[in-house]
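The values are calculated or read from the model by the stated rules, or taken from the named source; none is laboratory data. Everything numeric in this text was worked out from a predicted model, so none of it was measured. Every residue, glycine among them, receives a Cβ derived from its backbone with ideal geometry; neighbour counts consider all protein chains shown. For accessibility, only protein heavy atoms count, side chains too; no ligands or nucleic acids. Shrake-Rupley method; radii C 1.70, N 1.55, O 1.52, S 1.80 Å.
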Amino acid sequence: MTLQPSVAPMTLTTVVASTRPGRVGRSVADWFALRATEYDQFESHTVDLYELALPFFDEPHPPALRQYTKSHTREWSRIVDASDAFVFVTPEYNGGFPAPLKNAWDYLVVEWQHKPAAFVSYGGVSAGTRAVQMGKQVVANLRMLPIGATVSIPFVNELVEGGDFRPGKIHEAAAGQVLDELARTARVMGRLRSGRY
């Protein structure tokens, strides 16, 4: 019997977009990142933009040049460059995504390219879906591939107990669809980035 060569897991980075006090985004992201650990295709990591604390974009050179002068930019570049796929966990503010998320995207260009992006959104009745639609336009301009599957969580505060997000069956099923599509897409796009297509 011939053993199949083991395939190294891909790095999946879950990004917490909200930085405001009292947010529920971290608990939603923690749930999703834990769910991702069930997939042996992924090594799951979480980046909290509150903890990353990027200032408003403060580099003197355009990000496409990758001539970074600030340590926080170099660290963010390292994280994004090492990632094979992304999940952006975002609320909806005034029909769009939070400013810290756009700022994090704008810091870099090359590091995002040819990687799949998924969204987990939450909020009230709209479940953050308008933030996702706007976000997909931005990541597409960064030459990422926004996948079709999403997780949308309406009335999220009703699902938070003791600071922990308690998903329902519909959220678990949606998370599975996102992870399945991310795994397939990230593997193909990894070959694209390496020239092995």
* Residue check: is Tyr50 hydroxyl-bearing (Ser, Thr, Tyr), at pLDDT 95 or above and farther than 21 Å from Leu142 by Cβ? -> yes
* State whether one or more residues within the range 135-151 are over 16 Å from the mean Cα position of the chain (by Cα), assigned to a loop (DSSP other than H, G, I, E, B) and of a type outside the set (Phe, Trp, Tyr). => no
* Asked: Using beta carbons and a limit of 7 Å, which pairs, at least six apart or on different chains, have the first residue in the range 31-55 and charged (D, E, K, R) and the second one part of a loop (DSSP other than H, G, I, E, B) and open to solvent by 80 Å² or more (accessible area, probe 1.4 Å)?
  -> none
* What number of residues in the range 141-175 are surrounded by 12 or more Cβ atoms within 10 Å (Cβ to Cβ), closer than 15 Å to Ala85 by Cβ and free of Cβ contacts under 8 Å to residues at least 60 places away in the same chain? -> 8
* To do: Please state which of the following conditions Val156 fails to meet, knowing it meets all the rest: (1) out of contact with any Gly (no Cβ under 9 Å at 6 or more places or on another chain); (2) under 20 Å from Ala131 (Cα atoms).
  => (1)
* Members of the range 71-113 found to be aliphatic (A, V, I, L, M), under 23 Å from Ser126 (Cα atoms) and in contact (Cβ under 8 Å) with a residue 24 or more places away in the chain, listed by number -> Val87, Val89, Leu101
* To do: Go through (1) open to solvent by 10 Å² or more (accessible area, probe 1.4 Å); (2) within 18 Å of Ser18 (Cβ to Cβ); (3) touching a strand residue (DSSP E or B) at 6+ places or on another chain (Cβ under 7 Å) one by one and return the number of the condition Ser126 breaks.
  => (3)
* Structure fact -> Given (1) surrounded by 15 or more Cβ atoms within 10 Å (Cβ to Cβ); (2) touching a His at 6+ places or on another chain (Cβ under 9 Å), Arg193 misses just (1)
